[in-house]
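The values are calculated or read from the model by the stated rules, or taken from the named source; none is laboratory data. Keep in mind the model is a prediction, meaning the values are calculated, not measured. Because the Cβ atoms are built from the backbone with ideal geometry, glycine has one as well, and the counts that use them run over all protein chains shown.
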Amino acid sequence: MFKKFLALAALVFAASFTFAQTTVEVATWGGTEGIEILEDLIVQFEADNPDIDIELIHIPSAGDYEQNLATLIAAGAAPDVFFINNISLPGFAAQGAFLPLEEYASEEYLADFFPGHLDAFRYDGELMALPRDISNMVLFYNQDMFEEAGIEAPGEGWSWDDFMAAAQALTQDTDGDGAIDQFGFGYSTFYLFWQPWVWSNGGRFFSEDHAELTLNQDAALEGLEYYVGLRCDSNVAPTGEQAAERSASSMFAEGDAAMIVDGRWRVAPLLSSESVDFNWDVALFPAGSAGSVIDVDGSGWGISSTSDAPDESWQVIEFISSVDAMTRFTEAGIIIPARRSVGLSESFISPDIAPASDEIFITANETGIPTETFEGFGEFLNLMNEGLSEVWLCQTSVADGLAQVERDIEDLLSDYQ
């Protein structure tokens with residue numbers, strides 16, 4: 001009897017050991033379709049790894065998500081794995097929120113990712129998150145307008161001079177009433193849409209250590225002056241009044257702007273809009289003196305520095321960042337994939353569906369750099385927007401507008417040194 005008891009006890013112990021699970025909390029924001037894919041991946045992962053249980057924390061709004069994440073990190077209760085964009089990453093990294101990933105992600109493993117994009121997820125030289133998707137800017141153009149005007153479509157090596165010549169030719173008073181009603185270029189004053197003009201001219205917003213504002217110096221200043229001049233000098237781009245306060249994307253969709261600079265997120269609205277009755281495509285951002293330099297921003301997965309299960313957390317990240325997993329997000333039309341192999345595959349490139357030159361969203365990343373974010377970047381944007389407000393109205397010079405920004409930002413930059 002005693003032997004039977006021991007055998008039964010041993011069996012119970014063995015069973016409990018076999019089914020002991022490590023729980024990994026995974027936090028993210030996102031829409032319904034993306035979350036459904038993630039949930040399917042979690043089911044597959046748990047089936048392959050019965051010793052790991054994933055608890056998904058989903059907060060749909062990115063803004064609400066970030067506030068909740070900040071609260072959890074401050075309380076030392078961060079989820080094991082969390083989704084983060086590179087713009088917000090420095091603020092969390094400065095608090096020691098991340099476990100650096102170098103011990104898990106070898107150089108061989110990272111070779112399928114764009115170096116410039118990986119840099120977007122580094123802090124003090126260490127990789128803090130593994131990117132899932134890329135956010136960048138390319139040139140959208142109205143093919144019909146180019147063909148009707150006899151202008152060669154934008155291609156590799158297309159320069160600022162080529163851009164200006166096309167923009168001038170495509171800025172027209174089509175009905176002869178003395179007012180321009182078709183512009184060569186649609187305009188946006190949000191920094192994401194004009195920072196490539198600064199970078200492609202060889203400029204930067206800040207010194208490398210973010211101790212000094214350099215947007216008001218030399219190549220950077222010239223790049224921004226060029227962009228402002230598109231509206232205020234050559235008038236190949238509309239003022240707010242000329243645009244009737246419409247966005248650049250709206251003017252493009254309505255056939256009132258021949259070109260815009262925009263991101264992959266613009267594709268779906270253009271395909272679904274009934275007002276888009278013309279052929280369009282994408283091209284590399286026009287090359288300045290420093291080439292075609294666009295942003296390689298995005299979102300990715302990090303491991304909390306307070307995680308009790310870092311090894312298991314990496315297993316989860318590795319699985320949901322695999323070629324197969326990234327392909328699923330890509331084929332759903334949700335992301336520009338962070339992996340080269342997926343981005344250059346048929347999963348992303350569909351020549352039969354506009355834009356025909358889908359590969360541009362991938363090849364543009366070879367020369368891209370991440371947004372020059374730092375812990376106080378949000379505060380900087382507020383100060384910069386205020387300083388440039390009259391510049392966008394063509395009421396003051398870029399140099400004078402940035403002089404105000406430099407005065408206002410001095411204390412902010414010193415706070416983060």
Apart from one, (1) farther than 12 Å from Gly302 by Cα; (2) in the same structural domain as Ile57 (by TED's automatic domain parsing) all hold for Asn86; the odd one out is (1)
Can you report the number of residues in region 312-339 which are in contact (Cβ under 8 Å) with a residue 12 or more places away in the chain, more than 17 Å from the chain's Cα centre (by Cα) and not in a loop (DSSP other than H, G, I, E, B)?
14
Looking at Asp64, Asp80 in this structure, which one is at pLDDT 95 or above and of a type in the set (D, E, K, R)?
Asp80
Among all residue pairs at least 6 apart or on different chains, which show Cβ distances below 7 Å where the first residue, located in region 159-172, is more than 15 Å from Ser200 (Cα to Cα) and the second is part of a helix (DSSP H, G or I)?
Leu170/Met145
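Here is a list: Leu221, Leu215, Leu271. Which entry is buried (at least 18 other Cβ atoms within 10 Å of the Cβ) and part of a helix (DSSP H, G or I)?
Leu221
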Might you let me know whether region 342-364 holds any residue that is within 30 Å of Pro50 (Cα to Cα), modelled with pLDDT of 95 or more and assigned to a helix (DSSP H, G or I)?
yes
Can you tell me which residues in region 69-114 are surrounded by fewer than 17 Cβ atoms within 10 Å (Cβ to Cβ), out of contact with any Phe, Trp or Tyr (no Cβ under 8 Å at 6 or more places or on another chain) and within 26 Å of Phe380 (Cβ to Cβ)?
Thr71, Ala74, Gln95, Gly96
What pairs come out if I take residues in region 49-62 that are more than 20 Å from Gly31 (Cβ to Cβ) and of a type in the set (Asp, Glu) and pair them with residues that are assigned to a strand (DSSP E or B) and modelled with pLDDT of 95 or more whose C-beta lies under 8 Å away, six or more apart or interchain?
Asp51/Thr22; Asp53/Thr22; Asp53/Thr23; Asp53/Val24; Glu55/Thr23; Glu55/Val24; Glu55/Glu25; Glu55/Val26
Taking the condition of being of a type in the set (A, V, I, L, M, F, W, C), assigned to a helix (DSSP H, G or I) and loosely packed, with under 15 Cβ neighbours inside 10 Å, how many residues in region 375-411 meet it?
3
Test Ser414 against the criterion of being among the polar types (S, T, N, Q) and surrounded by fewer than 20 Cβ atoms within 10 Å (Cβ to Cβ), and give yes or no.
yes
Check region 123-132 and report whether any residue there is part of a loop (DSSP other than H, G, I, E, B), within 20 Å of Gln195 (Cβ to Cβ), touching a residue at least 40 places away in the same chain (Cβ under 8 Å) and touching a helix residue (DSSP H, G or I) at 6+ places or on another chain (Cβ under 9 Å).
no
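Only one of Gln315, Gln395 is assigned by TED's automatic domain parsing to the domain that holds Pro50 and modelled with pLDDT of 95 or more; which?
Answer to the check: Gln315.
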Please report, ordered by residue number, the helices (runs of 4 or more DSSP H) entirely within region 137-209 with at least 1 residues that are over 24 Å from the mean Cα position of the chain (by Cα).
143-148, 160-170
